[in-house]
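The values are calculated or read from the model by the stated rules, or taken from the named source; none is laboratory data. It should be emphasised that the depicted structure is a prediction, and the values quoted were computed from it without experimental measurement. Virtual Cβ from ideal backbone geometry, glycine too; neighbours counted across all protein chains shown.
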Amino acid sequence: MLGDEETLTTPLQQIEIKGQVLAALDNAPLPGASILEKGTKNGAVTDFDGNFTIKVTNENAVLVVSYMGYTAQEVPIKGKSKLEIVLSEAADSLDEVVVVGFGEQKKISLTGAVSTVDLEDIKVNPTSSVSNALIGNVPGIMGMIQSGQPGKNISEFWIRGISTFGGGSNPLVLVDNIERDINELNIEDIKTFTVLKDAAETAMYGSRGANGVILITTKRGSAGKIKINFKDEFIYNTRTITPDFVDGLTYANLLNEARITRNEAPIYQPEELEILRLGLDPDLYPNVDWKDLLLRDGAMTYRANLNMSGGGPTSRYFVSGSYVNEGGMYEVDKSLKDDYNTNANYKRWNYRLNADFDITPTTVAKVGVAGSLSKRNSPGLGDADFWGALFGYSPIRTPVLYSNGYVPAVGTGNQTNPWVMATQTGFNENWVNKVQTNITVEQNFDFITKGLRMRGIVGYDIQNRNNIQRRKWPEQWRAARARDANGDLVFTHISNPSELTQSSNSSGNRLEFYDLMVNYNRSFGKHHVGGAMRFTRDAFVQTVALGSDIKNGISRRNQALAGRILYDWKNKYFVNFNFGYTGSENFAPGEQYGFFPAISGAWNIAAEQFVKENVSWLKLFKIRYSYGKAGNDQLAGGERFPYLYTISELNGGGYQWADFGSDRSYNGMIYSQVASSNVTWEVATKQNLGFDIRFKGITANLDLFNEERTGIYMQRNFLPDMVGLESTPRANVGIVKSRGLDGRLLYQKQLGEFIVTARSNITYSKNEIVERDEENNVYAYQNEEGYRVNQSRGLIALGLFKDYDDIRNSPTQNFGEYQPGDIKYKDVNGDGVINDGDRVAIGATRRPNLIYGMGASATWKGFSLGVHFQGAGKSTFPIYGKTVQAFREGEWGQVMKGVMGDNRWISADISGDPSTEDPNASYPRLSFGDNRNNFRESTFWLRDGRYLRLKTLDFGYKLPNSLTNRIGINTVRLYVVGTNLITWSKFKLWDPELATPRGEGYPPAKSITLGISLNL
């Protein structure tokens, strides 16, 4: 919109244009708006009052005026020297469409708790598993990575935490409306990513919606010329934190001390320690750094993605292909590299074709075909034994090879030579092939009544998994710790050689899915009404390796009828009612179906006239509330048909029916599993209070939630014997309450060509067991009721015993012998004895109760810079095992560096210094073998799982269009990304996000990525 004009009088070469840029809603000036002469680099920026001055060289010049959050305008000069330009707010804020269970819905009309994901934020993370990019980026999602190993580097995640101890806690993930694995998805194929968190959005999923729902849609084509996108990434991976171990001499001295301090003879004599120190006899006194020998410093990953889209008036398409090759960090025997690879490598190929066809002007058919093929390698004895041997085989146990070429070992299985285990025992290949298909038909019934739509979907997915083990074994020996009279080694034969053998196993499954939905949405003046009905049915069946159990060949079937009614007036008041009526074949007739309703409402206060008149800068202020129910039919262990009983033959019993001298003995029949005919799903009653605010570049969302999960499925393990059952029945007897909050804050600001964005999100959840079937404890604090699900438990450590007087004056500890320097525990119940009656809840849970993220990004003239931090809190976990609790398993187990701290307890008889007998020392008196007093779960071994991580740091540059257009390319962007670069945590031994008690696993990757993206 243009204001008053003045005729130009300056020469064309020096045309000066002045003007002001205003907002359409309230006529407020827009500082920092960008003014650019179209087709040139000539530009200007508005000042604080929205004013600008720019000189152009052409009286026909066109000014491009843009401001973040507003629709850009092209303004021709046409003889004007003074301009007033009014920008309208972009439609994305109020008219933005969000994908929910019943299709698409305007974001302004949402009454439930929904998180949408900015895909550009998660694409920054160069991971092959989508789940790894969600934590700390999406409010409402909590989780932790399980491993850093290629092919296994996925995250376990939950929506708003854990609310059950019975069945599964994983959310329902739907890709193009069909349940599919999120981690097999190519992130470049994703169009939208939505998280449904409360009953207003998940009730329609009935018995499958209690744990929340994730909706993912994939990209489709649009009419127009072909668009080609290519992305190529080279990634160098190292490890975040890998445990280190002490060297051989330190290990031998600690081993001797562990025996001497317990009045046992040392294993190594002084002269042997000297031989070890000088390295004079590496056959009998080796000093091997197994970590350095078995693990590479880093490995490369390569990722490539190509997609094309386009179409004409009646058909459109999107086709993509991607490849990822993740290198493992295991060292290999280079002499075998031409035969096979024992490294932990992972490869995956993805493909997708989405095609849309206009059958008639009102009928559209959509076809989707996608799939993946993956291959994961591992050493012959597997990954678990690899890490078990690395952590268990001490540096002085044996050399890598004896000097005569013999292969050493102290035993078989995971107690073999780690080098042999990693490189000489063959290799495994795990292949997974998935094919996913779906056909959708959409019909527009506007010719009957405006706003009426119908959609039908048929889906058919198959998966086949094949695991091939190719095993071999070298001949192995063990040398005695003394040479014979000739100075030769004396060997004991451990195992015979085995040539390469092959075995395999496979599994497979099939999913059939049917979906029919009718939608109606229409506006009548200021009134908007909508409604929907949806029917779904699916059947999942195992197709390979069924075994003898007939249940394995029976499909797992679910079907549901869902509905919704919604109404709003003037985008101001909103009411929504929806329900799910779902059934599962896993329960008895009469218990198979359940009704799950939900109601919600919202009030957009910013749309009120008094707010518009007095607080015009407030663009959105909406309050939401929802109440409803959803269910969870996931049974613990994947149990099937608990309403059926099982009859088995009685072993070791029966009756002899024959006369003396004859045999007619028959075993009897018993109920090996009693029927539980009344069991059904868990029911989650959810409440949510939400707030949405937007003003002056700031967008904020906050949700407070409360949930009560009732009818939690579990075994009745504590029924009295007088009931007379020979098996444990099942029942819905558990209750868990959980509450918390999640929210996000986004700030965007434009100053000319400089655009800055700051963002943060948080999710906090705390649960409490209200009711659980458990035996009656003498002490209430030992019940699980009243505490968190999976609450850590143990004794309360008071430090270490100072001396024998301290022992005599303290309550008796009934865990075996103990001495000064051993752990002293608190007598919680005051009975004068420390035993299991003094175990209490300690710390929190292994899974974090708090997840948060914060970051910022900036762009200027093609340059971009971004940073993102991710953290976790309210987490504790115990540590134990052979490398943490030194010599717990005798000589099997390394000693981890740093585990003993800076001031471990040492007897003055050994150290010569009484100050080393410190009752507040960081590590107790050493021992050899299992120490029943010290190696118990207690606060002494409890560690803080909090951490803050520099998750990503990225820098990119988009080449000027004037350069790329010359070679027929629209855009070229070069970038570098650092991932997991720095981790701050009190816990230093291994990566705190893993929260494992032993640390025996593949650490998460720390990586540097170099990439290029092209758009043709």
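Scanning for something within 30 Å of L36 (Cα to Cα) and touching a His at 6+ places or on another chain (Cβ under 6 Å), does segment 848-858 turn up at least one residue?
Taking segment 848-858 first, the residues within 30 Å of L36 (Cα to Cα) are 855-858.
Still in the running and touching a His at 6+ places or on another chain (Cβ under 6 Å): 855.
Scanning segment 848-858, I find at least one residue that is within 30 Å of L36 (Cα to Cα) and touching a His at 6+ places or on another chain (Cβ under 6 Å), so the answer is yes.
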Only unsatisfied item for L751, checking (1) under 30 Å from V64 (Cα atoms); (2) in contact with an Asp or Glu (Cβ under 8 Å, 6 or more places away or on another chain), is (2)
When every residue in segment 367-396 that is in contact with a strand residue (DSSP E or B) (Cβ under 8 Å, 6 or more places away or on another chain) and farther than 30 Å from T301 by Cβ is compared, the one surrounded by the fewest Cβ atoms within 10 Å (Cβ to Cβ) is V367
Among helices (runs of 4 or more DSSP H) completely within segment 239-317, the ones holding 1 or more residues that are in contact with a strand residue (DSSP E or B) (Cβ under 8 Å, 6 or more places away or on another chain), outside the structural domain of N186 (by TED's automatic domain parsing) and basic (K, R) are 290-294
So, first residue farther than 14 Å from P282 by Cβ in segment 390-409, second residue part of a loop (DSSP other than H, G, I, E, B) and among the aromatic types (F, W, Y), Cβ within less than 6 Å, six or more apart or across chains; the pairs are G392/W892
K612 passes all but one of the listed conditions (1) farther than 27 Å from G69 by Cβ; (2) more than 30 Å from the chain's Cα centre (by Cα); (3) part of a helix (DSSP H, G or I); the exception is number (1)
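Can you tell me which of T763, T757 is of a type in the set (V, I, T) and more than 23 Å from the chain's Cα centre (by Cα)? If you could, list the steps in order and put the result at the bottom.
On the way: T763 fails: more than 23 Å from the chain's Cα centre (by Cα).
The match here is T757.
So which of N667, N717, N706, N701 is among the polar types (S, T, N, Q), surrounded by fewer than 19 Cβ atoms within 10 Å (Cβ to Cβ), out of contact with any helix residue (DSSP H, G or I) (no Cβ under 9 Å at 6 or more places or on another chain) and under 30 Å from I605 (Cβ atoms)? Even if it seems obvious, please write down each step before you answer.
On the way: N667 fails: under 30 Å from I605 (Cβ atoms); N717 fails: under 30 Å from I605 (Cβ atoms); N701 fails: surrounded by fewer than 19 Cβ atoms within 10 Å (Cβ to Cβ).
Exactly one residue qualifies, and that residue is N706.
Out of everything in segment 623-667 that is basic (K, R) and within 30 Å of Y581 (Cα to Cα), what residue ends up being modelled with the lowest pLDDT? Let's see the steps before the verdict.
Restricting attention to segment 623-667, the residues satisfying the condition of being basic (K, R) are 624, 629, 640, 664.
Now restrict to residues that are within 30 Å of Y581 (Cα to Cα): 624, 629, 640.
Values: R624: 96, K629: 95, R640: 86.
This residue is R640.
Got a sec? Which strands (runs of 3 or more DSSP E) wholly within segment 141-209 have at least 1 residues that are surrounded by fewer than 22 Cβ atoms within 10 Å (Cβ to Cβ) and β-branched (V, I, T)?
On the way: elements: 141-145, 155-159, 172-175, 190-196.
Here the list reads 172-175, 190-196.
Select, from L561, L644, the only residue that is hydrophobic (A, V, I, L, M, F, W, C) and farther than 30 Å from I108 by Cβ.
Details: L561 fails: farther than 30 Å from I108 by Cβ.
After ruling out the rest, the residue left standing is L644.
Condition check ((1) of a type in the set (S, T, N, Q); (2) crowded, with 20+ Cβ neighbours inside 10 Å; (3) modelled with pLDDT of 95 or more; (4) over 37 Å from the mean Cα position of the chain (by Cα)) across all residues:
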| position | (1), (2), (3), (4) |
| --- | --- |
| I906 | no, yes, yes, yes |
| R925 | no, yes, yes, yes |
| T964 | yes, no, no, yes |
| I969 | no, no, no, no |
| V977 | no, yes, yes, no |
So, first residue on the phi < 0 side of the Ramachandran plot in segment 997-1009, second residue among the acidic types (D, E), Cβ within less than 8 Å, six or more apart or across chains; the pairs are Y1002/D383; P1003/D991; P1004/D991; P1004/E993; T1009/E233
Residues in segment 922-962 that are touching a His at 6+ places or on another chain (Cβ under 7 Å) and among the charged types (D, E, K, R) total 1
Can you find a residue that is over 30 Å from I712 (Cα atoms), exposed (fewer than 15 other Cβ atoms within 10 Å of the Cβ), free of Cβ contacts under 8 Å to residues at least 60 places away in the same chain and not hydroxyl-bearing (S, T, Y) anywhere in segment 626-649?
yes
Looking across segment 836-847 at residues that are at pLDDT 95 or above and assigned to a loop (DSSP other than H, G, I, E, B), the single one that is nearest to I762 (Cα to Cα) is I842
The residue that is surrounded by the fewest Cβ atoms within 10 Å (Cβ to Cβ), considering only those in segment 343-366 that are of a type in the set (A, V, I, L, M) and part of a strand (DSSP E or B), is I359
Those residues of segment 911-965 that are within 30 Å of N980 (Cβ to Cβ) and hydroxyl-bearing (S, T, Y) come to a total of 6
Considering segment 931-962, residues that are buried (at least 18 other Cβ atoms within 10 Å of the Cβ) and among the polar types (S, T, N, Q), and then whichever is farthest from P820 (Cα to Cα), we arrive at T952
Counting only residues in segment 460-485 that are closer than 14 Å to D283 by Cβ, of a type outside the set (K, R) and part of a loop (DSSP other than H, G, I, E, B), the one farthest from the chain's Cα centre (by Cα) is identified as D484
| said: Based on this model, can you work out whether Q750 counts as buried (at least 19 other Cβ atoms within 10 Å of the Cβ), at pLDDT below 90 and out of contact with any Cys (no Cβ under 7 Å at 6 or more places or on another chain)? | reply: yes
Across segment 668-708, the tally of residues that are modelled with pLDDT of 90 or more, over 23 Å from Y205 (Cβ atoms) and of a type in the set (K, R) stands at 1
All-but-one check, T111 against (1) surrounded by 22 or more Cβ atoms within 10 Å (Cβ to Cβ); (2) of a type in the set (S, T, Y); (3) within 29 Å of K874 (Cβ to Cβ), failing number (3)
Within segment 33-87, of all residues that are in a loop (DSSP other than H, G, I, E, B) and basic (K, R), the one surrounded by the fewest Cβ atoms within 10 Å (Cβ to Cβ) is K41
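Quick check on this structure: which one of D838, D827, D918 is without any contact (Cβ under 8 Å) to a residue 60 or more places away in the chain and surrounded by fewer than 20 Cβ atoms within 10 Å (Cβ to Cβ)? Give the derivation first.
Working: D838 fails: surrounded by fewer than 20 Cβ atoms within 10 Å (Cβ to Cβ); D918 fails: without any contact (Cβ under 8 Å) to a residue 60 or more places away in the chain.
Within the list D838, D827, D918, the selection yields D827.
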Kindly establish whether S115 is at pLDDT 90 or above, hydroxyl-bearing (S, T, Y) and closer than 21 Å to L741 by Cβ.
yes
* Does F587 qualify as being outside any strand (DSSP E or B) and closer than 13 Å to S207 by Cα? -> yes
F230 meets each of (1) out of contact with any Phe, Trp or Tyr (no Cβ under 6 Å at 6 or more places or on another chain); (2) within 14 Å of Q894 (Cα to Cα) with one exception, condition (2)
Suppose the filter is touching a strand residue (DSSP E or B) at 6+ places or on another chain (Cβ under 8 Å), touching a residue at least 12 places away in the same chain (Cβ under 8 Å), assigned to a strand (DSSP E or B) and closer than 28 Å to R180 by Cα; does G580 pass it? yes
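Of the residues G553, G594, only one is touching a residue at least 60 places away in the same chain (Cβ under 8 Å) and within 30 Å of A636 (Cβ to Cβ); which? Explain how you work it out, then say what you get.
Values: G553 fails: touching a residue at least 60 places away in the same chain (Cβ under 8 Å).
Going through G553, G594 in turn, just one is touching a residue at least 60 places away in the same chain (Cβ under 8 Å) and within 30 Å of A636 (Cβ to Cβ): G594.
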